[in-house]
Amino acid sequence: MLRKNPTGHYPEVSSEAYVDNTAIICGKVIIEANVFIGPYAVIRADEVDENGEMEAIIIRRNSNVQDGVVIHSKAGAKVEIGESTSIAHRSIIHGPCVVGSNVFIGFNSVLFNCRVGDGCVVRHNSVVDGCDLPERFHVPSMTRIGHDFDLNTIPKVDPEYQAFSESIVSANHYLIKGYKELSNEF
């Protein structure tokens, strides 16, 4: 469901994207081509800053936002998801937050007030809060990274995980095509 926010902003969704009819996309949201938005995802850009302004939530091309993901922003802060990035089931991305390109965010993970560099893999049930991750870092499952976390303890992404991330993006491109074809049958 696409809807306006209280300030009158309406989502901009590429005709080449797929948004499940159970998803809610509200307000100043930009969804580029070849993006898959799964069932029950909620993407809301509806809060303003102290000046009554807000930045858009942007989902770049070839990315996927899977079932039950919530993307929101505090006080109109920036949220951007890079190209060919996968946000897995029930994750929360809360702005201010910038997620780079070719990133995998695992099930139930939470990102807030951070930047995640290109090529990172954040495994399942992890939290990144108030700490920026450089490119190609691998965050193991169930890790909590805060502003005082020693990033030297985190390894670089293994090629195995990078291949896994690429396979998720590819699978979701197939889903976009399939679901769009099904919607044309009705």
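The values are calculated or read from the model by the stated rules, or taken from the named source; none is laboratory data. Bear in mind that the values here come from a model prediction, so they are computed numbers and not experimental data. Counting neighbours? That spans all protein chains shown, and the Cβs are built from the backbone with ideal geometry, glycine included. Quick note on the areas: whole protein, heavy atoms, side chains included, nothing else; ligands and nucleic acids left out. Shrake-Rupley method; radii C 1.70, N 1.55, O 1.52, S 1.80 Å.
Miscellaneous remarks
- Spin-label model distance (nm) - Asp118 vs Tyr40, 7 Å beyond Cα toward Cβ: 3.5 nm
- Rolling a 1.4 Å probe over the protein heavy atoms leaves Phe107 with an accessible area of roughly 80 Å².
- Residues whose amide H lies under 5 Å from that of Val19, counting only those 5 or more places away or on a different chain, are Ile37; hydrogens are built 1.01 Å from N in the peptide plane.
- The label point for Ala75 and the one for Glu181, both projected 7 Å from the Cα toward the Cβ, are 4.9 nm apart.
- Amide H contacts under 5 Å for Arg144, placed H, 5+ residues apart: Val127
- Hydrodynamic radius (Kirkwood) for the chain, which is based on Cα pairs only, to one decimal in Å: 16.3 Å
- For the chain, the mean residue ellipticity at 222 nm estimated from helices alone is -5000 deg cm²/dmol, where every DSSP H run of n ≥ 4 contributes -39500 (n - 2.57) and the total is divided by all residues, rounded to the nearest 500.
- For the chain, carbon and sulfur atoms together expose 51% of the accessible surface, with a 1.4 angstrom probe and every protein chain in place.
- Exceeding the 29 Å Cα-Cα cut-off - candidates Lys74/Lys177; Lys4/Lys156; Lys4/Lys180; Lys28/Lys180; Lys28/Lys156; Lys4/Lys74: Lys74/Lys177; Lys4/Lys156; Lys28/Lys156
- The stretch 121-146 and the stretch 32-65 have Cα centres spaced 21 Å apart.
- For Ile58, nonlocal amide neighbours, meaning residues 5 or more places apart or on other chains whose placed amide H falls under 5 Å from its own, are Ile30, Val79, Glu80, Ile81.
- Here the 3J(HN,Hα) profile of the stretch 16-23, calculated from phi with Karplus coefficients 6.51, -1.76 and 1.60 at θ = phi - 60°, is 9, 9, 10, 10, 4, 6, 8, 6 Hz, Gly and Pro shown as x.
- Whole-percent P(r), the stretch 54-156, all Cα pairs, 10 Å bins from 0: 18, 56, 24, 1.
- The stretch between Asn125 and Asp148, if pulled fully straight at 0.36 nm per residue, gains 6.3 nm over its current Cα-Cα span.
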